[in-house]
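Every number here is computed from the coordinates shown, using simple stated rules; none is lab data. What you see is a predicted model; the values in this text were computed from it and never measured. Note that each Cβ is placed from the backbone with ideal geometry, even for glycine, and that neighbours are counted across all protein chains shown.
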Amino acid sequence: MAEFTVAVSDPEDGTTYQVDVSDQDANRFIGREIGEEVDGGAVGLDGYTLEITGGSDDAGRPMREDVRGADLQSVLLEGGTGFNPNRDGERKRVTVRGREVGDATRQINAVVTERGDTPVADLLE
């Protein structure tokens with residue numbers, strides 16, 4: 001059974017809310033990829049639309065938009081999600097998750113793209 005923590009970012013006021021989802025609400029995220037939109041009702045934001053912007057798995061490995069699927073892959077990175085180089089030209093092989101939300105995903109980052117009638121703060125606090 002899938003359980004996630006969804007970090008919902010509200011760009012209008014700059015606040016991030018953490019919401020735990022499980023069961024049927026969590027299943028709405030399974031199989032979705034970074035960049036896809038999800039109905040906000042899954043996290044208690046009826047009338048809102050959320051865009052998945054990233055996440056991490058149960059070991060803290062980040063999801064990367066340029067890696068297909070939901071599995072672990074070892075990729076050579078020059079920077080970006082999962083690696084911050086210390087000097088010019090530095091590269092490193094890093095294990096990351098693919099862009100698809102799967103059973104091993106534990107945190108999903110999402111941003112509000114379409115708003116409903118009630119403010120986010122009133123619904124999630």
Legend entry - Compactness relative to 2.2 N^0.38 Å, alpha carbon Rg of the chain: 1.12
Inset, instruction - Please give the calculated 222 nm ellipticity per residue for the chain, where each DSSP H segment of at least 4 residues contributes -39500 (n - 2.57) and the sum is spread over every residue; nearest 500 deg cm²/dmol? - result: -1500 deg cm²/dmol
Inset, instruction - Report the local net charge at residue 104: Lys and Arg +1, Asp and Glu -1, summed over other residues whose C-beta lies under 12 Å from its C-beta. - result: -3
Inset, instruction - Evaluate the charge dipole of the chain about its Cα centre and quote only its size in Debye, nearest 20, assuming +1 on the Cβ of each Lys and Arg and -1 on the Cβ of each Asp and Glu. - result: 920
Inset, instruction - Would you kindly state how much longer the chain becomes between residue 32 and residue 88 on full extension, computed as 0.36 nm times their sequence separation minus their alpha carbon distance, in nm to one decimal? - result: 16.7 nm
Legend entry - Where the Cα pairs of the range 48-115 fall when distances are cut into 5 Å bins, in %: 4, 18, 25, 20, 15, 10, 5, 2, 0
Inset, instruction - Report, for the chain, the % of DSSP beta bridges that are antiparallel, rounded to 5. - result: 80
Legend entry - Dipole-positive endmost among 54, 16, 69 within the range 1-78 (Cβ charges, Cα centre): 69
Legend entry - Relative contact order of the chain, pairs being alpha-carbon contacts under 8 Å that are 6 or more residues apart, as %: 32
Legend entry - 15 Å beta-carbon shell around residue 79, net charge (K/R +1, D/E -1): 0
Legend entry - Estimated Rh, the range 1-51: Kirkwood, alpha-carbon pairs, angstrom: 11.4
